[in-house]
Every structure is written in C-alpha cells, then in structure tokens.
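Here is the structure we will look at, set down as structure tokens.
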Amino acid sequence: MLQGPGYRLFSSVQREITNCSSFAARKRSGSYRIFSAHSWYIDKSEGFGRCSHLHTSSYISNSSNTPKASRKLKEGPGLEHFIANSGLPQRALSARELEKVSHPYVQVEDISGNGRKVYFDVYGCQMNVSDTEVAWSVLKDHGYVRATQLEQADVVLVMTCAIREGAEDKVWNKLEYLRALKKKRLGRKNAPPMKVGVLGCMAERLKKKLVEQEKSVDVVAGPDSYRDLPRLLALVDKGEAAVNVLLSLEETYADIVPVSLTTSRMSAFISVMRGCDNMCSYCIVPFTRGRERSRDIQSILDEVRHLSDQGVKEITLLGQNVNSYRDVSETNHQGLSVTKNDETQLVKGFKTLYKPKKGGLRFADLLDKVSQINPEIRIRFTSPHPKDFPDEVLYLIKERNNICKQIHLPAQSGNTRILEVMRRGYTREAYIELVAHIRSLIPNVALSSDFICGFCSETESEFQDTLTLLETIKYNFCYLFPYSLREKTLAHRKLVDDVPQSVKVERLNRMVDVFRSEATKVNRDQIGQQQLVLVEGISKRSKLHLVGRNDGNTRVIFPNVEVENDSGATEQIQPGDYISVMITDSSSQVLKGIPLRLTTLQAGTSDSNEQYLIFKRSESY
C-alpha cells in the first residue's frame with residue numbers, strides 16, 4: 001500500500017483506499033490501466049490496483065510507449081493532489097493549481113487545445129445532441145475551436161448510439177471513412193495528424209473492440225466521461241490510445257452550461273436526468289447510460305432562464321425515463337413541498353422491478369416550475385415511460401398553454417405476453433386504459449409511440465395484436481423498428497432471437513402500412529382547424545414555402561408570404577415566429593395550410609383551443 005506522506009497525513013485518503021472491496025492488478029503485456037484524478041492511486045509491485053468504486057480510467061495502448069508511461073507514473077500525482085482532493089479544510093487554490101492537480105500525468109499546457117479544430121459527427125437520439133453540447137462546452141473552455149467541415153478538423157469526435165444494430169453499422173462505416181481521411185492527412189506537409197474519438201453509448205458498449213480492432217480510433221469516452229476529454233486528447237497527442245468508459249452514480253453535468261452547435265436556434269434540449277432503472281429485457285440503455293440520477297432543479301431552472309434570454313422559443317426536457325425525474329439534492333426547496341417519505345406512485349395497472357422511491361421533487365414539480373419561467377416558450381419532454389404519468393402531470397399539461405399537448409407513450413408491443421417477456425410492467429388492457437384516461441383529461445392530445453416487431457418468440461397472432469393496437473389508439477406519429485439483439489441485455493442472456501430476419505422485415509412493413517393508414521385519417525381530421533405553428537425556416541422542397549411545427553409536433557407547410565401582425569401592419573414571416581395557420585390539406589406525415597397572422601403563444605393557443613371546440617361541436621350535429 002501507499003507509504004508516502006500523502007497517505008500518512010490524510011485519513012480521508014486512507015478511508016477511500018481501505019474501504020475498497022478488492023484490488024486487481026492492471027499491468028498487462030504491452031498495456032497499462034491508469035486511473036485519473038477522480039480516483040485514488042495505489043502503487044503495487046506487480047502493477048496498478050484500483051478501488052472497486054472508482055469513477056474513471058484510461059487505457060494506454062502501444063507497447064513502445066511503456067517506458068514513457070512508467071516514467072510519468074513516477075512523477076505524479078504528488079502531495080498537492082491529495083491536499084486538493086482530500087475534502088479536508090484547506091486554503092483556496094488558484095484556478096491554475098486546481099487544473100494542474102485535476103489532470104495527473106499530463107502537463108497543464110498539454111490540456112489546452114491551443115486552437116485545434118474539433119468536428120462533431122452526431123448519431124442517435126436527442127440525448128446525444130445534448131451530450132454533444134456538453135462535450136463541446138468542455139473542449140471550448142480548454143481552447144479548442146469548432147470545425148464546420150470534416151476535412152478541416154484536427155480532432156473528429158463521433159457521438160454514437162448503440163440502441164440498435166443499424167445505428168452501430170452507420171458508425172462503423174464512418175470510422176472506415178475516417179481511417180482513410182487520417183492516412184490522407186499524414187501525406188500533407190506541416191499538417192498535424194488527425195485524431196478520432198468515439199463518444200457515447202457505443203463507446204461504452206464496445207470499448208475494447210474500438211481500440212484493438214478499429215486502429216483509426218484514438219479516444220474512447222463513455223457518456224459519463226466528457227469532463228475528461230481534454231486529458232484524454234492530451235494523452236493521444238503522445239501516440240497513445242486513451243479510454244475512459246466507467247459509469248458514474250452521480251454525474252449529471254449539472255454545472256456545465258451546454259454550448260449549441262448552431263449559431264442561432266429556436267429550440268433547445270435540456271437533459272434533466274440520466275440513466276434508466278427499468279431494465280426492459282431488450283434494452284441496453286441501463287448498461288450504456290447507467291442508473292437513474294437527476295439534476296437538481298435549480299440548475300435546470302437556471303439553464304431555462306439562460307435559454308429564454310437567448311430568445312429560444314421551444315425547450316425539450318430530456319431523459320432516458322424523463323418523467324421518473326426525482327431531485328433529492330435538498331430537503332427544502334423554495335415554493336415547493338418535499339415530503340421525505342413520500343413514495344413514487346405508478347399508474348394504475350403498471351408495475352416495476354424496483355421498490356418505490358421515497359422523497360424528492362418529482363417531474364410534476366419540475367414541469368410546473370419550468371413552464372412558469374417564460375409563458376412564450378413551448379415546453380416538451382421525452383422520452384417518458386407510461387408508468388410515470390400521475391394525474392398531477394396530466395393536469396399541468398392540460399392547464400398550461402405553453403406545455404405542448406403532445407405525449408410520447410412508448411408501447412413497444414400490443415400483446416400482453418410479449419410485453420411481459422419484454423419486462424415492460426403492464427398489459428395491453430392497462431395501456432389502453434391509460435390512453436383513455438389521458439384523452440378524457442386532454443381531449444386534443446397528440447400521441448406518439450415506439451414499437452418493436454419480431455421480438456423473441458413473437459408469433460403471428462401476437463404480432464396481430466400490435467397492428468390492432470395501432471388501429472385502436474390512432475397515433476399521430478410512431479417510431480417503428482424490427483427487433484435487434486443487444487449484448488448484455490436480459491434477452492441476450494436468457495432468451496432466443498428466434499424470429500427470422502425476413503419475417504421481422506415483413507412485419508415492419510406491415511406495421512408501417514397500418515400506421516400510415518391511421519395517421520392519414522388523424523391528419524385529415526385536422527383540416528379546417530386553426531393551429532398555432534412555430535416557424536422553423538424554408539421548406540426543403542420549395543423556397544416558396546415555410547415549414548414549422550404545431551403543438552402536436554406535426555410538420556406544417558405553408559406559403560412564404562407577408563401576414564398581418566397585432567397592429568394590423570403586414571410583415572414577412574421569420575423563423576421563430578408564432579403563426580396562426582388554417583389547415584387546408586394533409587398526408588400521413590405533414591399538414592398544409594394558409595398563414596393567417598402573426599401571434600403569440602398564449603393568444604394563439606387560446607384561438608386554437610376555441611377553434612378546436614367549435615370544430616368538435618360541429619361534428620356532433
């Protein structure tokens with residue numbers, strides 16, 4: 001064990017080490033595992049040991065660099081590192097001192113990007129977009145600049161998705177292209193070598209394979225290690241490959257202000273919680289994103305205010321299970337009541353694998369506070385689980401004009417036995433009952449969903465239940481996928497992926513046909529309505545038309561003309577405007593209409609609600 005002065009002087013360091021349940025040698029032939037400043041270090045004759053609960057690590061590859069790595073290990077960290085990290089009373093350290101002790105084994109000047117250009121290539125969900133903004137914020141603070149074109153980049157960071165095989169295939173193809181681009185860069189005189197990093201869920205799932213098989217990859221960083229990117233990039237500058245993929249029970253990036261990848265924007269995403277505890281048998285998210293943990297509510301409200309000041313018109317609250325949000329950072333919050341022993345309540349007919357959680361502010365509290373900051377900002381949230389829709393959340397959606405009357409309600413299957421095998425925690429009947437309850441409270445709600453076909457052991461008659469559920473609910477939008485087996489999941493360990501791929505594809509096509517048929521009817525019923533649309537910009541198909549989204553998140557296309565404002569004068573429609581649009585035509589995917597006038601969210605929503613009631617009354621005659 002450690003015998004230096006740092007170990008003898010600081011009992012807190014001793015506790016961190018002696019509380020470890022096990023130590024494992026990490027020295028291997030031609031490679032070392034080095035633990036970052038978030039961990040404690042143990043020098044052992046046979047290699048490097050680690051505590052079982054340490055948060056971050058780096059994998060240093062390349063046997064030719066072994067002496068260099070060994071020399072660096074002997075040089076740090078020193079006594080100042082233990083002083084800064086011991087948690088004992090101490091003098092305030094300068095920013096330079098803090099930065100130095102936070103990055104052992106690399107010099108402070110090496111952490112800086114020194115103007116190097118970084119390019120982000122983003123795949124997957126909205127959470128990945130949010131994570132990219134966090135990673136960019138970290139690198140920007142360390143002197144990196146943004147490259148807008150791939151060929152200009154000194155560093156290429158690929159934000160990946162591992163939820164389905166198809167998503168990973170796209171990343172492997174991109175890495176093959178980047179390998180050729182790196183070789184081309186080496187042929188240019190005075191050009192620094194290009195570095196490639198893989199971030200996100202695929203990095204967490206395939207860390208070893210990415211470094212050992214895909215030789216073009218220099219950095220592998222999991223979803224909880226974006227703070228460590230400057231250090232990892234400093235290591236690869238010395239010819240090493242660096243990996244940090246350990247998951248955290250605490251990391252939420254609450255103190256990092258994300259930096260948008262676009263210069264001007266009308267909409268923004270805010271990650272309010274990370275990870276998932278549901279453990280559905282088909283899903284890899286708990287293994288790539290870790291356990292559920294929520295940001296403190298104050299940091300979220302501060303970010304909403306910041307975005308409001310920037311002129312953002314729409315904010316989407318993000319989480320792998322966003323409506324299970326639970327802030328337990330404080331017992332007293334101004335204007336909010338927190339009951340210590342108050343248990344989470346599930347929707348009637350729903351169950352979960354974990355015990356009810358006690359205390360903390362819930363999603364209804366968060367939604368309430370966020371919606372009050374600026375009544376002219378639309379609020380959306382995704383992706384929720386159907387089990388976490390108490391009436392408090394539904395009444396808030398109904399009452400607040402700026403909370404969109406649109407709910408994503410993932411079903412995954414329409415058959416009760418398949419839902420049980422998936423470990424979804426509800427039956428077909430319970431799901432239909434929840435939809436009926438939601439529509440009784442919010443009659444004009446827009447519903448979207450996720451469905452998987454060809455899951456393990458699914459029969460034709462069970463698949464028919466999925467088709468009839470699509471016909472029964474009549475969704476505005478659906479994400480439809482064939483089942484893709486993921487390693488580490490319960491399905492991979494205990495079930496058999498026995499539905500042939502050809503059958504999966506055939507069932508997917510039938511799902512798509514049924515959904516589009518029903519969506520066509522849903523959109524046709526909106527013809528004649530007056531809807532509030534947030535303008536996004538020029539339509540991709542015609543410069544003579546604009547495109548925006550209505551409250552239900554359906555795209556609306558309308559002519560690019562001048563319209564009246566509140567004062568009666570005419571002006572050109574601009575991105576970010578709220579426009580009242582009369583719907584005149586539709587398809588399964590879009591609505592078309594005529595712009596009537598410029599308006600506000602509050603006034604336009606009231607007009608749309610009034611028109612909806614008039615329209616529904618006319619249907620009853």
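The values are calculated or read from the model by the stated rules, or taken from the named source; none is laboratory data. Nothing here was measured: the structure is a model prediction, and the numbers come from that model. Counting neighbours? That spans all protein chains shown, and the Cβs are built from the backbone with ideal geometry, glycine included. Ligands, DNA and RNA are stripped out before the accessible areas are found, and what is left, the full protein with its side chains, is counted by its heavy atoms. Shrake-Rupley method; radii C 1.70, N 1.55, O 1.52, S 1.80 Å.
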query = Hey, any hits in the stretch 567-585 for a residue that's at pLDDT below 95, surrounded by fewer than 21 Cβ atoms within 10 Å (Cβ to Cβ), acidic (Asp, Glu) and in contact with a Lys or Arg (Cβ under 7 Å, 6 or more places away or on another chain)?
reply = no
query = out of contact with any Cys (no Cβ under 8 Å at 6 or more places or on another chain) and at positive phi - does that describe any residue in the stretch 414-435?
reply = yes
task = Report the residue count in the stretch 138-165 for those that are open to solvent by 10 Å² or more (accessible area, probe 1.4 Å) and either among the polar types (S, T, N, Q) or out of contact with any Phe, Trp or Tyr (no Cβ under 6 Å at 6 or more places or on another chain) (or both).
result = 14
message = When the residues of the stretch 347-359 are narrowed to those that are crowded, with 16+ Cβ neighbours inside 10 Å and in contact (Cβ under 8 Å) with a residue 60 or more places away in the chain, which ends up farthest from residue 268 (Cα to Cα)?
response = 349
So residue 429, is it modelled with pLDDT of 95 or more, acidic (Asp, Glu) and crowded, with 18+ Cβ neighbours inside 10 Å = no
key: Subset of the stretch 210-234 [open to solvent by 10 Å² or more (accessible area, probe 1.4 Å) and aliphatic (A, V, I, L, M)]   = 211
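Any chance you could count how many residues in the stretch 193-207 are touching a residue at least 12 places away in the same chain (Cβ under 8 Å) and either out of contact with any strand residue (DSSP E or B) (no Cβ under 8 Å at 6 or more places or on another chain) or not in a strand (DSSP E or B) (or both)?
Total satisfying the criteria: 8.
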key: Options 380, 362, 400: the member that is crowded, with 22+ Cβ neighbours inside 10 Å and under 25 Å from residue 302 (Cα atoms)   = 362
message = Every residue in the stretch 109-127 that is in contact with a Lys or Arg (Cβ under 9 Å, 6 or more places away or on another chain) and either in a strand (DSSP E or B) or free of Cβ contacts under 8 Å to residues at least 24 places away in the same chain (or both), please.
response = 117, 118, 119, 120, 121
message = Among the numbered criteria (1) more than 16 Å from residue 254 (Cβ to Cβ); (2) surrounded by fewer than 19 Cβ atoms within 10 Å (Cβ to Cβ); (3) free of Cβ contacts under 8 Å to residues at least 12 places away in the same chain; (4) of a type outside the set (Ser, Thr, Tyr), which one does residue 311 miss?
response = (3)
task = Considering every residue within the stretch 498-506, establish whether at least one is exposed (fewer than 15 other Cβ atoms within 10 Å of the Cβ) and among the aliphatic types (A, V, I, L, M).
result = yes
query = Before we move on, is residue 168 within 24 Å of residue 269 (Cα to Cα), crowded, with 24+ Cβ neighbours inside 10 Å, of a type outside the set (Val, Ile, Thr) and in contact with a Ser or Thr (Cβ under 8 Å, 6 or more places away or on another chain)?
reply = no
task = Please go through the stretch 473-497 and pick out each residue that is of a type in the set (Lys, Arg) and surrounded by 20 or more Cβ atoms within 10 Å (Cβ to Cβ).
result = 486
request  = Consider only pairs whose beta carbons are under 8 Å apart and that are at least six residues apart or on different chains; among these, list those whose first residue lies in the stretch 128-148 and is closer than 16 Å to residue 198 by Cα and among the basic types (Lys, Arg) and whose second residue is at pLDDT 95 or above and not in a helix (DSSP H, G or I).
outcome  = none
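So that you can scan it fast, the table gives a plain yes or no per residue for (1) among the hydrophobic types (A, V, I, L, M, F, W, C); (2) in contact (Cβ under 8 Å) with a residue 40 or more places away in the chain; (3) farther than 20 Å from residue 142 by Cα; (4) buried (at least 20 other Cβ atoms within 10 Å of the Cβ):
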position: 181; (1), (2), (3), (4): yes, no, yes, no
position: 191; (1), (2), (3), (4): yes, no, yes, no
position: 242; (1), (2), (3), (4): yes, yes, no, yes
position: 259; (1), (2), (3), (4): yes, yes, no, no
message = Condition first: under 15 Å from residue 223 (Cβ atoms) and either touching a residue at least 12 places away in the same chain (Cβ under 8 Å) or open to solvent by less than 10 Å² (accessible area, probe 1.4 Å) (or both). Now tell me which residues in the stretch 284-307 satisfy that.
response = 284, 285, 287, 288, 289, 290, 291, 292, 293, 295
remark   = The lone condition residue 271 fails out of (1) hydroxyl-bearing (Ser, Thr, Tyr); (2) open to solvent by less than 10 Å² (accessible area, probe 1.4 Å); (3) under 23 Å from residue 553 (Cα atoms) is (2)
query = Can you name the residue in the stretch 448-472 that is buried (at least 21 other Cβ atoms within 10 Å of the Cβ) and of a type in the set (A, V, I, L, M, F, W, C) and is also farthest from the chain's Cα centre (by Cα) among such residues?
reply = 463
inquiry  = Would you confirm whether or not the stretch 413-420 contains a residue that is among the hydroxyl-bearing types (Ser, Thr, Tyr) and either modelled with pLDDT under 95 or open to solvent by 40 Å² or more (accessible area, probe 1.4 Å) (or both)?
reply    = yes
ask   = Among 277, 255, which is the only one that is farther than 25 Å from residue 111 by Cβ, among the acidic types (Asp, Glu) and in a loop (DSSP other than H, G, I, E, B)?
value = 277
inquiry  = Can you say whether residue 315 is at pLDDT 95 or above, in a helix (DSSP H, G or I) and touching a Leu at 6+ places or on another chain (Cβ under 7 Å), as far as the supplied structure shows?
reply    = no
query = How many residues are open to solvent by 30 Å² or more (accessible area, probe 1.4 Å) and closer than 23 Å to residue 316 by Cα if we restrict to the stretch 507-556?
reply = 6
query = All but one of (1) open to solvent by less than 20 Å² (accessible area, probe 1.4 Å); (2) touching a residue at least 24 places away in the same chain (Cβ under 8 Å); (3) out of contact with any Cys (no Cβ under 7 Å at 6 or more places or on another chain); (4) farther than 28 Å from residue 314 by Cα hold for residue 442; which doesn't?
reply = (4)
